[in-house]
Amino acid sequence: MAIERKRLGDLLVETGLITEDQLQEALNLKTGNQKLGDVLLQQGYITEQQLIEVLEYQLGVPHVSLYRYPIDPKMTNIVPKEMATRNNVMPLKLEGDKLYVAMADPMDYFAIDDVRLYTGFQIEVAIATKDDIIKAIHKYYELEDAVEELFEEHPKQEEQEIESISGVDSPMVKLVNQLLLRAVQERASDIHLDPQENKVIVRYRVDGVLRTERNLPKHMQNMLVARVKIMANLDITESRIPQDGRIKVNIDFHPIDLRISTLPTVYGEKVVMRILDMGNSLNNLDKLGFSPKHYDQLTSMLKEPTGIILITGPTGSGKSSTLYASLNRLNSEEVNIITVEDPVEYQLEGINQIQVNTKVGMTFANGLRSILRQDPDIIMVGEIRDSETAEIAVRASLTGHLVLSTIHTNDAISTIDRLIDMKIEPFLLAASLSGIISQRLVRKICRDCRKEQELTVREREIFTRRGLEVEKVYKGDGCPTCNMTGYRDRIAIHEVLVLDETVKKMIMNDKSIHAIREYMTKQGMTFLVDDGLLKVKQGLTTTEEVLRVAMDK
């Protein structure tokens, strides 16, 4: 008797994972042969683990976690790498005439037939996440092969080394490509190649935290660094001074921009590669984690025809994403937007972007002067680094332009002091500055292993001191999805200072930062730590993460 199977969307609504409205929105966004599950994942309504559990129930197919699954390495001889990659399958084990494989989509009958016809075995299917399968293919098929080849050949002469890092099929080329692919799959923002006395450590920065990916033998160091330098068009014969370069590559059909930096150390050159995923840039203000209050304040400032909006925070706090998303919101054919950046990270259509080049005298200040003669409506300055740039930015805003920029300070209010230190007259600052946004990035709790927890005594004290009532908090137990960290992805926390008439008068009267902070506290300003704790209350992050990046003043 045939079992009546419910549709995936109805099952997800019944189990309370999505609402009817979210289902309808996903169905409207679905195009061609795109699967409903993929659309729901893209929109962030469900996680892969939740989808798998529902598919397991719907189809009666078991699901496996490949993180610790004892895969037989001989399986790679039965199903070739090209077939595994094309069909997104991972062979698990062979029992008699049955070949057990893991698939992200157990209803992909073309893939099942492809593997069955090639191997001659009866195929038994289990469900695994797409991430799990990609990582397993990478682990068992690709990276080990390249490293093994490099262990086998240990070239002694320089001519052999250059040949071994330039050829398309050379093991070193394969190794570097696999390290890049793995970094993109892991959603890393940086790759570090750290030379040590007896080895080279490869580390990835994932969600703002560095972790060791693997250790390579010392004899690979020169070839590895030389390969990266060749890709970035750097001088491979120069190892005594730092060098900077860029690489543009396509990884898994994604355009990826890599910023390369080399630095001589006592054990050789350290290389850091910053990864900019051009296809994954956040260009939507709605998806940057602003609370409703902060979102309204920012959009109100962006509607103003003149003034300066500053975004502040340390390196890697997501300032560029907020800037680009703001520009994207303002971008239309009615306005002339010009930017001066160092470097131009993401290229935006319809916006004129200038690259700073200090070697030929194109500094932020000189670029900004030239922009003012180009009839702009909106100007974006990558960073205010000196008094000259700050002065021209202030002048630009006073002559009828909206200016967006970033500056390095600890919080929104202390930015006022920083600008006065840059010799900006208080009355000019009060007249030109519209608002300051300070932000940090905190890691989000993994949705697949999130568990409710009791508040600790210290957490209760912190929430009480900030005037917040919280019944429960959440933490991640650690699972294969988040590499046992309990965190996956990041979210921004913000504080927004909007300069009202009182604050402007306080600036002109040389009032202290402490006085301005007291006034803003009375006005109900949500500081960084407050916004972070509100996100803890919503179950998005943990108290530890918030206190790691924001001070409880």
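Can you tell me which residues in segment 423-453 are of a type in the set (S, T, N, Q) and touching an Asp or Glu at 6+ places or on another chain (Cβ under 7 Å)?
From segment 423-453, those of a type in the set (S, T, N, Q) are 432, 434, 438-439, 453; that's our starting set.
Within segment 423-453, 434, 438 qualify.
Tally time: how many residues in segment 464-520 are within 24 Å of residue 531 (Cβ to Cβ) and under 29 Å from the mean Cα position of the chain (by Cα)?
20
Only residues that are closer than 29 Å to residue 248 by Cα and of a type in the set (D, E, K, R): list them for segment 340-396, please.
Correct list: 341, 342, 345, 349, 359, 383, 385.
Among what's in segment 12-42 and is of a type in the set (Asp, Glu) and under 20 Å from residue 57 (Cβ atoms), pick the residue that is most open to solvent (accessible area, probe 1.4 Å).
Keep residues of segment 12-42 that are of a type in the set (Asp, Glu), which gives 14, 20-21, 25, 38.
Going one step further and asking which of them are under 20 Å from residue 57 (Cβ atoms), we end up with 14, 20, 38.
On the way: 14: 118, 20: 95, 38: 50 Å².
Of everything passing the filter in segment 12-42, 14 is most open to solvent (accessible area, probe 1.4 Å).
Taking helices (runs of 4 or more DSSP H) that do not extend beyond segment 27-143, which have at least 1 residues that are acidic (Asp, Glu) and under 22 Å from residue 17 (Cβ atoms)? Please lay out each step first, then the result.
Details: elements: 36-43, 48-59, 75-78, 81-87, 109-119, 130-137.
Helices (runs of 4 or more DSSP H) meeting the threshold: 36-43, 48-59, 130-137.
Here's the yes/no breakdown for (1) outside any helix (DSSP H, G or I); (2) farther than 21 Å from residue 302 by Cα; (3) open to solvent by 20 Å² or more (accessible area, probe 1.4 Å); (4) touching a Gly at 6+ places or on another chain (Cβ under 9 Å):
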residue	(1), (2), (3), (4)
343	yes, yes, yes, yes
367	no, yes, no, no
385	yes, yes, yes, no
388	no, yes, yes, no
392	no, no, no, no
396	no, no, no, no
400	yes, no, yes, no
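For a quick check of your reading of the model, give me the residue pairs whose first member lies in segment 460-488 and is modelled with pLDDT under 90, whose second is hydroxyl-bearing (Ser, Thr, Tyr) and surrounded by fewer than 17 Cβ atoms within 10 Å (Cβ to Cβ), with beta-carbon atoms closer than 6 Å and at least 6 apart or on different chains.
480/65; 480/67
Being out of contact with any Leu (no Cβ under 8 Å at 6 or more places or on another chain) and surrounded by 19 or more Cβ atoms within 10 Å (Cβ to Cβ) is the filter here, so list the residues in segment 533-553 that pass it.
Passing the criteria: 535, 536, 540, 541, 542, 545.
What are the residues in segment 304-327 that are among the polar types (S, T, N, Q) and part of a helix (DSSP H, G or I), if any? Lay out the reasoning, then the answer.
Quick first cut of segment 304-327, residues among the polar types (S, T, N, Q) only: 306, 312, 315, 317, 320-322, 326.
Answer for segment 304-327, where residues must be among the polar types (S, T, N, Q) and part of a helix (DSSP H, G or I): 320, 321, 322, 326.
What number of residues in segment 11-26 are at pLDDT below 80 and not in a loop (DSSP other than H, G, I, E, B)?
Of the residues in that region, 1 qualify.
When segment 309-337 is examined, which residues are found to be open to solvent by less than 10 Å² (accessible area, probe 1.4 Å), closer than 16 Å to residue 401 by Cβ and β-branched (Val, Ile, Thr)?
If the condition is that a residue be open to solvent by less than 10 Å² (accessible area, probe 1.4 Å), closer than 16 Å to residue 401 by Cβ and β-branched (Val, Ile, Thr), then 309, 337 are the ones that fit.
Out of segment 492-522, which residues are assigned to a loop (DSSP other than H, G, I, E, B) and either buried (at least 18 other Cβ atoms within 10 Å of the Cβ) or touching an Asp or Glu at 6+ places or on another chain (Cβ under 8 Å) (or both)? Steps first, answer last, please.
Within segment 492-522, the first condition is being assigned to a loop (DSSP other than H, G, I, E, B), and the residues that meet it are 499-500, 509-512.
If the condition is that a residue be assigned to a loop (DSSP other than H, G, I, E, B) and either buried (at least 18 other Cβ atoms within 10 Å of the Cβ) or touching an Asp or Glu at 6+ places or on another chain (Cβ under 8 Å) (or both), then 499 is the only one that fits.
Could you grab the pairs with beta carbons closer than 7 Å, sequence gap of 6+ or different chains, first residue in segment 521-534 and in contact (Cβ under 8 Å) with a residue 40 or more places away in the chain, second one assigned to a helix (DSSP H, G or I) and buried (at least 23 other Cβ atoms within 10 Å of the Cβ)?
Sorted first by the residue in segment 521-534, then by its partner, the pairs are 529/546; 532/546; 533/546.
Give me the pairs, please: first residue somewhere in segment 209-220 and among the hydrophobic types (A, V, I, L, M, F, W, C), second residue anywhere and open to solvent by 60 Å² or more (accessible area, probe 1.4 Å), beta-carbon distance under 8 Å, and either six or more positions apart or on two chains.
Listed by first residue and then by second, the contacts come to 209/485; 210/203; 216/199.
Say whether the condition of being within 21 Å of residue 482 (Cα to Cα) and open to solvent by less than 40 Å² (accessible area, probe 1.4 Å) is met by at least one residue in segment 67-85.
From segment 67-85, those within 21 Å of residue 482 (Cα to Cα) are 67-71; that's our starting set.
After this cut, where a residue has to be open to solvent by less than 40 Å² (accessible area, probe 1.4 Å) as well, the list is 71.
The answer is yes, given that some residue of segment 67-85 is within 21 Å of residue 482 (Cα to Cα) and open to solvent by less than 40 Å² (accessible area, probe 1.4 Å).
Which of the residues spanning segment 192-248 are open to solvent by less than 30 Å² (accessible area, probe 1.4 Å) and assigned to a helix (DSSP H, G or I)?
Passing the criteria: 220, 221, 223, 224, 225, 226, 228, 229.
So, in segment 355-365, how many residues would count as being part of a loop (DSSP other than H, G, I, E, B) and either under 31 Å from the mean Cα position of the chain (by Cα) or under 21 Å from residue 399 (Cα atoms) (or both)?
Of the residues in segment 355-365, the ones part of a loop (DSSP other than H, G, I, E, B) are 356, 361, 363.
From the residues that got through so far, the ones that are either under 31 Å from the mean Cα position of the chain (by Cα) or under 21 Å from residue 399 (Cα atoms) (or both) too are 356, 363.
The total comes to 2.
What number of residues within segment 81-140 are β-branched (Val, Ile, Thr) and farther than 17 Å from residue 71 by Cα?
First pass over segment 81-140, keeping only residues β-branched (Val, Ile, Thr): 85, 89, 101, 112, 115, 119, 123, 125, 127, 129, 133-134, 137.
Next cut, farther than 17 Å from residue 71 by Cα only: 112, 115, 119.
Looking only at that region, the number is 3.
Would you confirm whether or not segment 437-455 contains a residue that is small (Gly, Ala, Ser) and either open to solvent by 10 Å² or more (accessible area, probe 1.4 Å) or more than 30 Å from residue 186 (Cα to Cα) (or both)? Spell out the reasoning first.
If we filter segment 437-455 for residues that are small (Gly, Ala, Ser), which is where we start, we get 438.
Retained after the next criterion (residues that are either open to solvent by 10 Å² or more (accessible area, probe 1.4 Å) or more than 30 Å from residue 186 (Cα to Cα) (or both)): none.
No, segment 437-455 contains no residue that is small (Gly, Ala, Ser) and either open to solvent by 10 Å² or more (accessible area, probe 1.4 Å) or more than 30 Å from residue 186 (Cα to Cα) (or both).
The values are calculated or read from the model by the stated rules, or taken from the named source; none is laboratory data. On a predicted model such as this, the values are computed, not experimentally measured, just so you know. Cβ: placed from backbone, ideal geometry, glycine included. Neighbour counts: every protein chain shown. These accessible areas exclude ligands, DNA and RNA; they are computed on the full protein's heavy atoms, side chains included. Shrake-Rupley method; radii C 1.70, N 1.55, O 1.52, S 1.80 Å.
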